[in-house]
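Worksheet: the structure to be examined is printed underneath.
FYI, it's all coordinate maths here, none of it is from the lab. Since the model is a prediction, treat every value here as computed from it, not as a measurement. Cβ coordinates were reconstructed from backbone atoms using ideal geometry, including for glycine residues, and neighbour counts include every protein chain displayed.
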Amino acid sequence: MISFWDKIGKGEASRMSKSIKNKGLSSMAYFSPEGITTNIAMISIDDFKVASFEKKCELITLNTTYITSRNEESKKVYLYHAGKFFVEVIYSPQLKRVIMIHAFNDQVNLLAYAESVSLESLDL
């Protein structure tokens, strides 16, 4: 099993984990490489976009399905499914931190993943 924390790096994971644990939540939500989970939150994309960084990390960790990752220039981009929208977590190995969290619900943003992943099991 691969966790969100394994993917983004231990330093960033530690910082975000402390924030989540302070809210009384577990930071050890695991996802399989196939992206199977049954705990998808019913939050709107608009609510997700205005949430704090810590809240976004909490929602990604506890309520999304990991789909895949890809390399883009000097960044690593992780794709998650959040029920009615997708989330990209952009991580910088050089900075050793998440530099952006991008939520979207259009097909244009999925084109970068079209050749490497099947979204058939998500019932879209």
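Between Met42 and Glu120, 0.36 nm times their residue separation minus their Cα-Cα distance comes to what?
Value of the extension gain: 26.1 nm.
Report the gain in length on full extension from His102 to Thr68: 0.36 nm times residue separation, minus Cα-Cα distance, nm rounded to one decimal.
Stretched fully, the His102-Thr68 segment lengthens by 10.8 nm.
At a 10 Å Cβ-Cβ cut-off, how would you order Glu72, Glu120, fewest neighbours first?
So the ranking, lowest neighbour count to highest, is Glu120, Glu72.
Counting other beta carbons within 10 Å of each Cβ, put Lys96, Lys75 in order, fewest first.
Sorted ascending by nearby Cβ count, the order is Lys96, Lys75.
Calculate, in nm to one decimal, what Glu54 and Leu111 gain on full extension: separation in residues at 0.36 nm each, minus their alpha carbon distance.
17.7 nm
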